[in-house]
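**Student:** Provided herewith is a single structure, encoded as structure tokens, for subsequent inquiry.
The values are calculated or read from the model by the stated rules, or taken from the named source; none is laboratory data. From a predicted model like this one, the values you see are computed outputs, not experimental measurements. Glycine gets a Cβ as well: all are built from the backbone with ideal geometry, and neighbour counts include every protein chain shown.
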Amino acid sequence: MGRCTACGEWNTFLEEIVRKETSGRSGGRQGLGSQGITAVPQLIHQVEATKTKRIASGSFELDRVLGGGIVPGALMLIGGEPGIGKSTLMLQVAMQMKDQKVLYISGEESDLQLNMRATRLGFVHPACYILTETDTDALFSHISQLKPQIVVVDSIQTLTSPHLESAAGSISQIRECAAEFQKYCKEQGVPVFLIGHITKDGSIAGPKLLEHMVDTVLQFEGDHNHMYRILRAAKNRFGSTSELGIFEMRDNGLREVSNPSELLLSQRDEQISGVTVSATIEGMRPMLIETQALVSSAAYGTPQRSATGFDLRRLNMLLAVLEKRCGFRIAAKDVFLNVTGGIRVDDPAIDLGVISAVLSSNEDIPVSQHTCFAAEVGLTGEIRPVTRIEQRIREAAKLGFRDLFVSKFNMKGLEKKDFGISIHPVTRIDQVFRMLFA
Ligand code: TYD
Ligand code: MG
């Protein structure tokens, strides 16, 4: 059918083949129902607490994102664009868990390719099994023989369930295969990582319902042109979603980055205009991030605005504030903004740093490399307070910054002398401007 009779849209129908019941359906699977065992009601506090003990994955960053380790029986989905490093991360984790029997199922690479990758990563774990099988029935029969303690599936889109006729990667196949693993996880208490591809629009390919079925959705993201990769939890039934893990892609695999600030600040000796540093918080972690701005006269009629790692609409808003509230003639200029390191920042505390970088480039006067910023800018040009200011101040002080600009409204209950950095409470942009460039 080309056109939907209900909504009138064209080509919105999706084919879904109704499962045909086969007699050998339960073969190889350890379905509760299929074995005649059913769950019984029990008191919540009587559930064995030993079952909830988390397993360390050997990766500090992954454990942090998961909320302190892998929960037994958890079904976890790892999404990310092709080539971002999902397979590398999971194979590395699989090989790091020395005291666990790990099964790495790959429908994407051959045994030889996996071996090459493992050799490239430099360590081979004696109890890490690989399996290049995509049929779920065959797969579960191997699983029931091997009895692994951790299972990794790379990727859910390559699996096929023989109970359905549709092709691998179709919506009904993805849903069915995920459901089979969900069942397996919950019954056997074995944690399973499913790797999932991401479509162009950024959602994990396959229906949204995959996200409902799993306990944890992790996103692995980063800029292909940069080495940094960020792992964040988009959903986590067993922990907070505000944690994040940072990795660096090396030629021998992913390296964990425990002190991101030092890496994200470009090393510079001389003072250059248009560069500022902001104390932001990503997830739960304070991080110092450098922003670079370039303001130049527009060569063509319409000025260009471009931002990398920062929301372009927010940049336009900040420029409008500068124009209207502070009288800077920026409307006829090209403005380019870049957050270094390929990181995307959503924390509003970067506003003041962005504005200062723009002004510094516009005036061609450098901001001292020992100065940093942590404040939001409002529509009237006022400097607004930001959350967790103490953490930001400490991080800036720890990294040797000498001056920090914050909102005056952040100073309530804070003792300026406590931190070993001089704090400048400000209320309006023009005040900052005068302090920096006058
Ligand atoms: P991969 O894990 O295959 O990505 P995904 O499974 O998400 O598609 O990683 C692919 C990229 O990572 C590839 O372009 C090369 C790079 N890479 C390294 O830089 N160093 C390494 O040690 C490995 C294994 C990969
Ligand atoms: Mg891969």
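**Student:** How many residues, within the stretch 408-426, are of a type in the set (D, E, K, R), at pLDDT 85 or above and assigned to a helix (DSSP H, G or I)? Reasoning before the result, please.
**Tutor:** Going residue by residue through the stretch 408-426, those that are of a type in the set (D, E, K, R) are 408, 412, 415-418.
Next cut, at pLDDT 85 or above only: 408, 412.
Those left that are additionally assigned to a helix (DSSP H, G or I): 408.
Within the stretch 408-426, residues that are of a type in the set (D, E, K, R), at pLDDT 85 or above and assigned to a helix (DSSP H, G or I) number 1.
**Student:** Hey, could you check the stretch 207-227 for residues that are surrounded by 14 or more Cβ atoms within 10 Å (Cβ to Cβ) and either among the small types (Gly, Ala, Ser) or assigned to a loop (DSSP other than H, G, I, E, B) (or both) and say which is nearest to ligand 2 (Cβ to nearest atom)?
**Tutor:** The initial filter retains those residues of the stretch 207-227 that are surrounded by 14 or more Cβ atoms within 10 Å (Cβ to Cβ), namely 207, 210-211, 213-223, 226-227.
Narrowing further to those that are either among the small types (Gly, Ala, Ser) or assigned to a loop (DSSP other than H, G, I, E, B) (or both): 207, 214-215, 222-223, 226-227.
On the way: Pro207: 21, Val214: 18, Asp215: 22, Gly222: 14, Asp223: 18, His226: 19, Met227: 18 Å.
Step by step, filter the stretch 207-227, then rank; the result is Gly222.
**Student:** What number goes with the only condition from (1) farther than 18 Å from Arg325 by Cβ; (2) among the aliphatic types (A, V, I, L, M); (3) under 26 Å from the mean Cα position of the chain (by Cα) that Ile421 does not pass?
**Tutor:** Here Ile421 clears every test but (3).
**Student:** Here's something else I'd like to know. Does any residue in the stretch 80-101 that is within 16 Å of Asp223 (Cα to Cα) come within less than 6 Å, Cβ to Cβ, of a residue that is within 8 Å of ligand 2 (Cβ to nearest atom) six or more places away or on a different chain, and which pairs are these?
**Tutor:** From the stretch 80-101, the pairs are Gly80/Lys86; Lys86/Ile195.
**Student:** Restricting to the stretch 270-288, name every residue that is at pLDDT 85 or above, among the hydrophobic types (A, V, I, L, M, F, W, C) and assigned to a loop (DSSP other than H, G, I, E, B). Steps first, answer last, please.
**Tutor:** Restricting attention to the stretch 270-288, the residues satisfying the condition of being at pLDDT 85 or above are 272-281, 286-288.
Adding the requirement that they be among the hydrophobic types (A, V, I, L, M, F, W, C) leaves 272, 275, 277, 279, 281, 287-288.
Ile272, the sole residue that qualifies.
**Student:** Could you list all residues from the stretch 296-329 that are touching an Asp or Glu at 6+ places or on another chain (Cβ under 7 Å) and crowded, with 19+ Cβ neighbours inside 10 Å?
**Tutor:** Leu318
**Student:** Quick test for you: out of Asp334, Asp311, Asp347, pick the one residue that is in contact (Cβ under 8 Å) with a residue 60 or more places away in the chain, acidic (Asp, Glu) and not assigned by TED's automatic domain parsing to the domain that holds Glu221.
**Tutor:** It is Asp347.
**Student:** To continue, here is another question. Which condition does Ala74 not pass, out of (1) away from ligand 1 (no atom under 16 Å from the Cβ); (2) crowded, with 19+ Cβ neighbours inside 10 Å; (3) at pLDDT below 90; (4) among the small types (Gly, Ala, Ser), if it passes all the others?
**Tutor:** Condition (3) is where Ala74 drops out.
**Student:** Also: Taking the conditions exactly as written (within 25 Å of Glu81 (Cβ to Cβ) and touching a Phe, Trp or Tyr at 6+ places or on another chain (Cβ under 8 Å)), does Val190 satisfy them or not?
**Tutor:** Answer is no for this residue.
**Student:** Using the structure shown, decide if Glu133 is acidic (Asp, Glu), surrounded by fewer than 23 Cβ atoms within 10 Å (Cβ to Cβ) and within 12 Å of ligand 1 (Cβ to nearest atom). Full working, then the answer.
**Tutor:** Details: acidic (Asp, Glu): yes; surrounded by fewer than 23 Cβ atoms within 10 Å (Cβ to Cβ): yes; within 12 Å of ligand 1 (Cβ to nearest atom): no.
Against the criterion (acidic (Asp, Glu), surrounded by fewer than 23 Cβ atoms within 10 Å (Cβ to Cβ) and within 12 Å of ligand 1 (Cβ to nearest atom)), Glu133 does not qualify.
**Student:** Looking at the stretch 239-253, is at least one residue outside the structural domain of Gly68 (by TED's automatic domain parsing) and free of Cβ contacts under 8 Å to residues at least 60 places away in the same chain? Steps first, please.
**Tutor:** Of all residues in the stretch 239-253, those outside the structural domain of Gly68 (by TED's automatic domain parsing) come to none.
The answer is no; no qualifying residue exists.
**Student:** If you go through the stretch 152-170 one residue at a time, do you hit one that is closer than 27 Å to Gly67 by Cβ and away from ligand 1 (no atom under 16 Å from the Cβ)?
**Tutor:** Checked against the condition, which is being closer than 27 Å to Gly67 by Cβ and away from ligand 1 (no atom under 16 Å from the Cβ), the stretch 152-170 yields no hits at all.
**Student:** Across the stretch 104-130, what is the total count of residues that are more than 18 Å from Ser59 (Cβ to Cβ) and either within 16 Å of ligand 2 (Cβ to nearest atom) or surrounded by 12 or more Cβ atoms within 10 Å (Cβ to Cβ) (or both)?
**Tutor:** 14
**Student:** Return the total of residues in the stretch 138-154 being in contact with a helix residue (DSSP H, G or I) (Cβ under 8 Å, 6 or more places away or on another chain) and either within 15 Å of ligand 2 (Cβ to nearest atom) or of a type in the set (D, E, K, R) (or both).
**Tutor:** 3
**Student:** Name the single residue that is surrounded by the most Cβ atoms within 10 Å (Cβ to Cβ) among those in the stretch 137-196 being in contact with a Lys or Arg (Cβ under 8 Å, 6 or more places away or on another chain) and at positive phi.
**Tutor:** If we take residues in the stretch 137-196 being in contact with a Lys or Arg (Cβ under 8 Å, 6 or more places away or on another chain) and at positive phi, then Gly189 is surrounded by the most Cβ atoms within 10 Å (Cβ to Cβ).
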